[in-house]
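The values are calculated or read from the model by the stated rules, or taken from the named source; none is laboratory data. Here the structure is a predicted model, which means the values were calculated and not measured. Using ideal geometry, Cβ is built from the backbone for each residue, glycine included, and neighbour counts are taken over all protein chains shown. The accessibility values were calculated without ligands, DNA or RNA, using every heavy atom of the protein model including side chains. Shrake-Rupley method; radii C 1.70, N 1.55, O 1.52, S 1.80 Å.
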Amino acid sequence: MSVMRAFAKRTLAGLLLSSLWAMPARAAEPACDAPAEALEAAPMAGVFAALAHTDLRILVVGSASTQGGGTSGPAATWPLRLQAVLAEKVRPVAVQLEVFGARGTTAADHARILAEQGPRVRPHLIIWQLGTVEAARGLPVEEMAEAVQGAVERLRAIRGERTDVVLMDPQFSRFLRGNADVESYRDWLRVAAAASGAQLFSRWAIMRHWVETDRIDLERAPRARRVAVADELHDCLAHALAEFILDGAQRGRRHRR
Amino acid sequence: MTSPPSVSPGRDIRVDFLRGLALWFIFITHTPGNLLAHATLRNVAFCDATEVFVLLAGYAAGIAYGRMLERDGWLTAGARIAGRMGTLYVAHIFLFVVFAAQVGFSAAALNQAAYLDELHLDPFGNEPYRALLEALLLRYQPHFLDILPLYIVVMGLFALALPLIRRPGWLLGLSIAMYAATRLSGFTLPSWTGGGWFFNPFAWQLLFAIGVVLGRADPVALARRFPWHRGLAVAAFLVLLASALALNLVWHGPGFGLYAPERLAAGLATVDKAGLHPARLASVLLLGWLVAHLIPRQAGWLRHPVPAAFVLMGQQGLPVFCSGIFLSFLGRLALDQQSGALAQVAVNLVGLAALYLVGLVSAWYGGEGKRKAKPVLPVAAEAARP
């Protein structure tokens with residue numbers, strides 16, 4: 001029975017993938033009018049392979065925004081929203097998502113978490129949000145990049161190409177931009193991603209676009225609307241990230257052929 | 001930066017021009033959100049305006065204090081350098097206070113609390129008294145306030161090594177030895193927030209020392225030592241071009257579906273700024289060599305009004321530098337409020353005009369041959385203008 005069900009699931013997943021394949025490069029309007037170029041991903045072989053089976057395991061590691069970030073509650077944060085949005089899009093594949101993060105944690109802390117949890121969770125996709133704490137505290141950029149390179153290398157040694165790694169840069173904020181050298185940290189995240197075979201989802205660029213187009217601007221939201229705007233922001237980020245991931249999966253297929 | 005008391009006939013105004021340009025770039029890159037920042041040196045080379053600034057500061061210091069050493073001896077010249085360090089220190093603390101005020105203002109004006117939980121980690125917000133103490137000890141250097149502390153320590157090293165400027169080989173040898181030892185051991189000055197100084201002075205002193213030696217050298221002998229060679233120039237140009245392409249491929253390639261080979265990116269990831277990686281050093285020296293040969297010493301265009309404005313700014317290094325940092329705080333506040341094209345143009349035009357005015361006032365006020373106290377407070381200098 002369960003064999004049958006698994007078989008049916010697989011067939012459905014296969015159908016889903018072929019529909020993914022048939023999809024135009026960009027599905028109609030990008031999520032929340034995010035800039036299209038920020039949603040273009042490199043091939044994600046791990047996610048692609050997972051979608052051909054029964055479940056997609058995602059491990060999220062990061063600092064404060066994974067834990068609340070001013071939203072109405074954990075269910076409204078981008079990681080859990082991502083799980084819900086993705087589950088909808090890749091049904092019947094089950095999306096399992098585990099979040100390991102804490103306010104004020106650095107890339108080095110995250111690397112330790114990945115070393116512990118990576119072998120246990122065996123994720124197909126790691127979403128690693130980092131850079132804000134480093135930038136706010138002025139920690140050395142090179143050490144941040146080294147932490148990323150080391151952690152991804154160790155993962156590759158265990159998981160090979162079965163795990164895709166997506167780095168996520170800081171949230172756009174005028175305050176952070178004005179008081180920290182964010183550009184340097186973003187440059188180094190790009191270098192670290194390129195050097196380790198990971199890729200970067202530029203939350204900064206997407207959120208800056210939303211601010212510049214008056215779409216979502218948490219820093220200017222009136223006090224009474226703050227939580228609602230934070231919820232909207234996280235939901236939109238989740239949609240954008242889901243598109244990014246599915247774009248990567250689609251390319252992952254082409255990559256394999 | 002340390003401009004000689006009077007403009008000597010043999011003064012190389014190309015150096016002043018480049019220093020003026022570097023000061024302008026520093027203003028631009030210290031105003032985050034400024035779109036002009038995409039047009040500065042850091043986007044196309046390993047090095048940025050900081051390297052140019054430090055190299056040319058060494059150049060000017062070599063000329064000014066070298067003369068003083070010959071005329072008045074080590075003790076007097078050393079004391080003058082110590083006085084200069086004091087001025088730099090006071091300027092740094094002044095800018096620190098402006099910084100703290102600006103952060104407080106921005107934090108109140110923007111809903112940062114809801115946005116970035118992590119900014120509660122901002123050391124000044126958490127422990128203001130401790131932060132103040134650490135700032136006085138130069139152990140706390142907020143972003144964009146890291147050049148003057150470097151300059152202060154490098155000047156201190158320069159005061160100690162001053163007599164060696166008569167023996168450039170020894171000076172360079174010792175400087176290279178210190179650079180190598182620093183890079184190998186990772187030794188640096190501690191910082192309160194973790195990690196070492198943003199610019200490790202024991203590594204960066206090499207660039208300053210090279211500047212000192214170049215400033216002291218006879219231009220004719222220098223040109224003979226490093227002559228123009230077309231093949232070499234083409235090679236240098238290609239190396240610089242290749243590094244610009246590699247950097248931009250890694251930074252911006254993914255946006256266009258272009259991915260750099262992992263090895264290339266891994267190589268770039270080793271080029272650190274804190275310890276002045278050899279690639280950064282080579283990049284600024286190659287650029288310097290090319291520019292020195294491509295711009296003739298007596299280039300007529302340097303006397304046209306616009307380049308001449310940069311020459312003037314370069315000649316009044318310290319006041320213009322400090323004003324640049326000060327103005328960048330105001331620029332940030334402006335760009336926090338408005339981000340449109342108008343705000344960008346306004347910030348850049350007002351910023352550049354103010355830098356030029358500060359240079360003008362400072363030249364008029366301090367340019368009577370005798371070294372009077374140069375204005376430390378840029379605002380005061382600006383306000384002093386009728």
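Look at B:T182 and say whether it is among the polar types (S, T, N, Q) and modelled with pLDDT of 90 or more. Explain how you work it out, then say what you get.
Values: among the polar types (S, T, N, Q): yes; modelled with pLDDT of 90 or more: yes.
Considered against the rule, which asks whether it is among the polar types (S, T, N, Q) and modelled with pLDDT of 90 or more, B:T182 comes out as yes.
Could you list, in sequence order, all residues of the range A:67-98 that are under 12 Å from the mean Cα position of the chain (by Cα) and either open to solvent by 10 Å² or more (accessible area, probe 1.4 Å) or of a type in the set (K, R) (or both)? Please lay out each step first, then the result.
Initially, the range A:67-98 is screened for residues under 12 Å from the mean Cα position of the chain (by Cα), giving A:78-83, A:86, A:97.
Selection gives A:L80, A:R81, A:Q83, A:L97.
Given the criteria away from chain A (no Cβ under 13 Å) and among the polar types (S, T, N, Q), does B:T182 qualify?
Values: away from chain A (no Cβ under 13 Å): yes; among the polar types (S, T, N, Q): yes.
For B:T182, the condition - away from chain A (no Cβ under 13 Å) and among the polar types (S, T, N, Q) - is met.
When the range A:229-257 is examined, which residues are found to be touching a residue at least 24 places away in the same chain (Cβ under 8 Å) and out of contact with any Phe, Trp or Tyr (no Cβ under 9 Å at 6 or more places or on another chain)? Even if it seems obvious, please write down each step before you answer.
To start, the set of residues in the range A:229-257 that are touching a residue at least 24 places away in the same chain (Cβ under 8 Å) comprises A:230-231, A:233-256.
Listed by number, the residues that qualify are A:D231, A:H239, A:A242, A:E243, A:L246, A:D247.
In this structure, does B:I325 turn out to be among the β-branched types (V, I, T), open to solvent by 20 Å² or more (accessible area, probe 1.4 Å) and within 21 Å of B:L56 (Cβ to Cβ)?
no
Does A:A192 satisfy being more than 24 Å from B:G340 (Cα to Cα) and buried (at least 22 other Cβ atoms within 10 Å of the Cβ)?
The answer is yes for A:A192.
Could you tell me how many of the residues in the range B:220-240 are surrounded by fewer than 12 Cβ atoms within 10 Å (Cβ to Cβ) and among the hydrophobic types (A, V, I, L, M, F, W, C)?
Summing the residues that are surrounded by fewer than 12 Cβ atoms within 10 Å (Cβ to Cβ) and among the hydrophobic types (A, V, I, L, M, F, W, C) in the range B:220-240 gives 4.
Out of A:A107, A:A145, I need the residue that is open to solvent by less than 10 Å² (accessible area, probe 1.4 Å), more than 10 Å from chain B (Cβ to nearest Cβ), under 19 Å from B:V271 (Cβ atoms) and hydrophobic (A, V, I, L, M, F, W, C). Which one?
A:A107
Could you say whether any residue in the range B:86-109 is open to solvent by 30 Å² or more (accessible area, probe 1.4 Å) and either modelled with pLDDT under 75 or touching a Gly at 6+ places or on another chain (Cβ under 7 Å) (or both)?
Looking for residues that are open to solvent by 30 Å² or more (accessible area, probe 1.4 Å) and either modelled with pLDDT under 75 or touching a Gly at 6+ places or on another chain (Cβ under 7 Å) (or both), one finds none in the range B:86-109, hence no.
Go through the range A:153-188 residue by residue and tally those that are aliphatic (A, V, I, L, M) and at the interface with another protein chain (Cβ under 10 Å from one of its Cβ atoms).
Keep residues of the range A:153-188 that are aliphatic (A, V, I, L, M), which gives A:155, A:157-158, A:165-168, A:176, A:180, A:182.
Checking which are at the interface with another protein chain (Cβ under 10 Å from one of its Cβ atoms) leaves us with A:176, A:180, A:182.
Here the count works out to 3.
Restricting the first residue to the range B:328-340 and requiring it to be within 8 Å of another protein chain (Cβ to nearest Cβ) and more than 14 Å from A:A180 (Cβ to Cβ), which pairs with a second residue that is surrounded by 19 or more Cβ atoms within 10 Å (Cβ to Cβ) and among the aliphatic types (A, V, I, L, M) meet a Cβ separation below 9 Å and a spacing of at least six or different chains?
Sorted first by the residue in the range B:328-340, then by its partner, the pairs are B:L335/B:V347.
Which of the following residues is under 27 Å from B:A159 (Cα atoms) and either within 14 Å of another protein chain (Cβ to nearest Cβ) or outside any helix (DSSP H, G or I) (or both): B:G194, B:G211, B:G275, B:G288?
Of the residues listed, the single one that is under 27 Å from B:A159 (Cα atoms) and either within 14 Å of another protein chain (Cβ to nearest Cβ) or outside any helix (DSSP H, G or I) (or both) is B:G275.
Regarding B:S191, is this residue surrounded by fewer than 16 Cβ atoms within 10 Å (Cβ to Cβ), of a type in the set (S, T, N, Q) and either under 22 Å from A:V141 (Cα atoms) or in contact (Cβ under 8 Å) with a residue 12 or more places away in the chain (or both)?
Here the answer is no, as B:S191 does not meet what is asked.
Among (1) more than 10 Å from every other protein chain (Cβ to nearest Cβ); (2) in a strand (DSSP E or B); (3) in contact with a helix residue (DSSP H, G or I) (Cβ under 7 Å, 6 or more places away or on another chain), there is one condition A:L200 misses while meeting the rest; what is its number?
(1)
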